Amino acid sequence: MIDIAIIITPKDDETKLQRCLYSLRNEQCPIYFIDGKQGKIGHGRAESLNVGRNPYVSFVDPDDEIIPGIYGKIRANLGFYPEVLYHNELIVDSTNGTIHHGWMVDYTTIQVVPERLRGFLWDSQNQRFAHHRGVFKKESALKYEKQLSKLHECCEGQLMQMMGTNGEIKYLNEFGYIWNIHGKNTVMEWI
Amino acid sequence: MITTVSICLACHKEIPAVIEETWDGVFMTQKCPVCGDKKAIVEESVAFHKAFGYRRNKKTFNSLMLDITDACNTNCKLCYHPRSDTHKGIIEILRTAAKYSNRNIWLSGGEPTCHPELFNIISCMSNFKTLITNGHAFADMRYLQEFIELTGDKKEFPCEISINPNPHKLTLECLSNLRSLGKTIDCGMFSISSLRNIEKSLDIWGQWLDVVTNARIRTPFNVWGQQANKTLFMSEVYKEVISHIPRFVITEDLGGNSIYNINLKADRYLSLCSAPNRNAFDVLAVSNAPDMLADDNNIYPIPYGLMVNEFIGDVS
C-alpha cells in the first residue's frame with residue numbers, strides 16, 4: 001500500500017541512517033533508496049514518486065525516525081483513498097534534546113504548540129502545514145512532479161500544501177514521525 | 001571517509017586504502033608504497049553504499065575468516081588471491097583461533113583442502129564453523145565421508161562451496177555426493193562477472209536448491225576496471241537479482257576489497273520465483289549484527305560487514 005522513499009546523500013550520517021532503518025524494520029513497507037543530487041532535494045522527492053508499485057509514497061529522511069506501527073495505522077485509516085494523509089510528529093531539538101510538538105508556518109519556522117492542541121486541523125488559510133509526516137497518493141502527486149523537482153526547501157511540506165488545496169486531505173491523530181532538528185536554519189516559535 | 005586494508009592488484013600486497021563517498025559516487029584510493037596511489041570508482045550509488053555497503057562495527061562481528069593456505073587446485077582468472085604453495089603453520093592457525101575463541105572460525109585460502117594438515121587443524125579447533133572451498137576434494141566420496149566423521153554427521157554440512165555460472169565438473173560431483181547423503185550446505189557462492197551471468201547462476205542454484213539452502217552471491221569484478229570494459233556495480237547486481245527474486249531474505253552483506261556479497265535464502269526462492277518483478281532495490285530491516293568477520297589484525301582483508309536480516313516485499 002505504501003512505499004517508503006529515503007533520499008541519501010554523501011553527507012548523511014550512517015549511524016542515523018541505521019537508526020532510521022531500525023525504526024522502520026517492522027513496518028512491512030518496501031523501502032526505496034534514492035540517490036540525492038547536490039542541492040536538489042525536490043528532484044529526489046520527484047524521483048521517489050516513480051519508484052515502487054504501491055499507490056502511496058511516504059518520505060522519510062535518513063536522519064529522522066518513525067514511531068513503529070504508524071504505517072499499519074495509516075493503512076487502516078486510508079479509507080476512501082485521500083490525496084494526502086498526515087499525522088503528528090515529535091520534533092526533537094538535538095542541540096538540547098528537548099521534544100516539541102508543532103507545525104510549520106513557513107519553510108524555516110516551526111510553531112511549537114502545547115500537546116493539548118495536537119489535534120489541529122489542516123489550515124491552508126493560515127498556511128500552517130505539516131512537515132513530511134504523511135503519505136501522498138502518487139497519482140495525485142505526479143501532477144506536481146515538475147514543480148516539486150524545482151523546490152529546494154521543505155519540498156514535502158510544499159507538496160502537501162499544493163495537494164491539500166485541491167484534493168482531499170485526511171488527518172490521523174497519532175504520533176508517527178520523529179523529526180530531528182539539527183540545522184541552524186530552523187527557527188522555533190512558541191505559542 | 002573510511003580507512004581499510006586492500007590488496008594491490010599489481011603487487012598483491014596488503015596495503016592501506018581509503019574509501020570516500022562523494023556526490024559523484026563512491027571512490028577507493030589505494031596507497032601502495034611500491035606501485036603508487038590508485039583511485040577508482042567502487043560504487044556509483046551512494047545511497048546503495050550507505051545502506052548496504054561498507055560498515056565498520058568491529059564490536060558486533062562474531063565470526064572470523066582465516067586464510068590457511070595460498071595453494072589452490074584451480075586457476076580461476078577472476079581470483080584476486082596471490083597463489084603460491086605456501087601453507088600457514090598449524091600452530092599459528094590454532095593460536096589465532098584460540099585468540100578469537102569467542103568467534104566462529106571460517107577457514108579459507110587459497111583452497112583450504114590443499115592444506116596437508118586440514119583435518120588436524122579442524123579437529124584441534126573448538127570454534128570451527130565453516131570451510132570455504134571449491135568442493136573439488138569432496139568429489140571423492142571417501143574424502144567426504146572422512147570429513148563428515150571429523151565434523152559430525154549433521155544434516156548441515158559445514159562448508160561453503162563456490163559455484164560459478166559454469167561450474168566445474170568436480171564441483172557438480174561434490175554437490176551430487178552431498179545430495180546422495182542428504183546433506184545441505186550453508187552457502188553456495190555464485191561468482192557473477194556480468195549481468196548476463198546472474199540469470200545463469202540463479203538457474204544453476206535452482207537445480208541444487210535441496211542442497212544449497214543459502215546462497216551467497218558475489219561479484220568478482222575488478223574495481224580498477226582492468227578485467228571488464230564496464231565496471232559492474234553491486235547496486236546493479238542487486239537490481240538484477242531482485243528482478244528475478246522479488247521477495248527474498250538477505251542474511252548478510254559484506255563489502256570486501258573488490259568483492260561484495262548478497263545472501264539469498266533458498267527456502268523462499270522457489271515460492272518467490274513467479275512473483276512480479278521489481279524495478280528498484282528495496283530493503284526492510286537492517287541490523288548491526290553481521291555474522292562475519294573482520295579482524296582487528298587484518299588477518300583477512302575484508303574489514304566491513306553489514307547484516308540485512310529481512311527483506312520484505314510489499315504488503316497490501
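The values are calculated or read from the model by the stated rules, or taken from the named source; none is laboratory data. These figures come from a predicted structure and were not determined experimentally. A quick note on method: Cβ atoms are made from the backbone with ideal geometry, for glycine too, and the neighbour counts reach across all protein chains shown.
If you go through the range A:1-10, how many residues are within 9 Å of another protein chain (Cβ to nearest Cβ) and under 20 Å from B:GLU21 (Cβ atoms)? Can you show your working first?
From the range A:1-10, those within 9 Å of another protein chain (Cβ to nearest Cβ) are A:1-4, A:6-10; that's our starting set.
So of that shortlist, the ones also under 20 Å from B:GLU21 (Cβ atoms) come out as A:6-10.
Total satisfying the criteria: 5.
Scan the range A:40-49 for residues that are within 12 Å of another protein chain (Cβ to nearest Cβ) and surrounded by fewer than 23 Cβ atoms within 10 Å (Cβ to Cβ) and report the count.
Filtering the range A:40-49 down to residues within 12 Å of another protein chain (Cβ to nearest Cβ) leaves A:40, A:44, A:47-48.
Among the residues that remain, those that are also surrounded by fewer than 23 Cβ atoms within 10 Å (Cβ to Cβ) are: A:40, A:44, A:47.
Residues flagged as within 12 Å of another protein chain (Cβ to nearest Cβ) and surrounded by fewer than 23 Cβ atoms within 10 Å (Cβ to Cβ) within the range A:40-49 amount to 3.
If we only count helices (runs of 4 or more DSSP H) wholly inside the range B:131-213, which ones have 3 or more residues that are polar (S, T, N, Q) and closer than 25 Å to B:CYS114 by Cβ?
On the way: elements: B:141-151, B:169-180, B:195-207.
Of the helices (runs of 4 or more DSSP H) lying wholly inside the range B:131-213, those with at least 3 residues that are polar (S, T, N, Q) and closer than 25 Å to B:CYS114 by Cβ span B:169-180.
Mind listing whichever residues of the range A:26-39 are at the interface with chain B (Cβ under 7 Å from one of its Cβ atoms), in contact with a strand residue (DSSP E or B) (Cβ under 9 Å, 6 or more places away or on another chain) and free of Cβ contacts under 8 Å to residues at least 40 places away in the same chain?
Within the range A:26-39, A:PRO30, A:ILE31, A:TYR32, A:PHE33, A:ILE34, A:ASP35 meet the criteria.
Report the residue count in the range A:11-21 for those that are free of Cβ contacts under 8 Å to residues at least 24 places away in the same chain and facing chain B (nearest Cβ under 7 Å). Can you show your working first?
Step one: list which residues in the range A:11-21 are free of Cβ contacts under 8 Å to residues at least 24 places away in the same chain, which gives A:11, A:14-15, A:18, A:21.
If we keep only those that are facing chain B (nearest Cβ under 7 Å) as well, we get A:14, A:18, A:21.
The number of residues fulfilling the criteria is 3.
Among the strands (runs of 3 or more DSSP E) contained in the range A:102-191, which hold 3 or more residues that are of a type outside the set (A, V, I, L, M, F, W, C) and modelled with pLDDT of 75 or more? Outline the logic, then answer.
On the way: elements: A:109-113, A:134-137, A:169-181, A:187-190.
Correct list: A:169-181.
Inside the range B:36-75, can you point out the residues that are at pLDDT 75 or above, more than 13 Å from chain A (Cβ to nearest Cβ) and either assigned to a loop (DSSP other than H, G, I, E, B) or farther than 21 Å from B:ALA98 by Cβ (or both)?
Those that are at pLDDT 75 or above, more than 13 Å from chain A (Cβ to nearest Cβ) and either assigned to a loop (DSSP other than H, G, I, E, B) or farther than 21 Å from B:ALA98 by Cβ (or both): B:GLY36, B:ASP37, B:LYS38, B:LYS39, B:ILE68, B:ASP70, B:ALA71, B:CYS72, B:ASN73, B:THR74, B:ASN75.
I'd like to check something: does the range A:77-96 contain any residue that is touching a Phe, Trp or Tyr at 6+ places or on another chain (Cβ under 9 Å), of a type in the set (A, V, I, L, M, F, W, C), crowded, with 20+ Cβ neighbours inside 10 Å and within 14 Å of chain B (Cβ to nearest Cβ)?
no
So A:LYS73 clears everything in (1) buried (at least 21 other Cβ atoms within 10 Å of the Cβ); (2) more than 11 Å from chain B (Cβ to nearest Cβ); (3) touching a strand residue (DSSP E or B) at 6+ places or on another chain (Cβ under 6 Å); (4) not in a loop (DSSP other than H, G, I, E, B) except one condition, right? Which one?
(1)
Evaluate the following for A:GLY52: is it assigned to a loop (DSSP other than H, G, I, E, B), at the interface with another protein chain (Cβ under 10 Å from one of its Cβ atoms) and farther than 18 Å from A:PHE175 by Cβ?
Values: assigned to a loop (DSSP other than H, G, I, E, B): yes; at the interface with another protein chain (Cβ under 10 Å from one of its Cβ atoms): yes; farther than 18 Å from A:PHE175 by Cβ: yes.
In short, yes.
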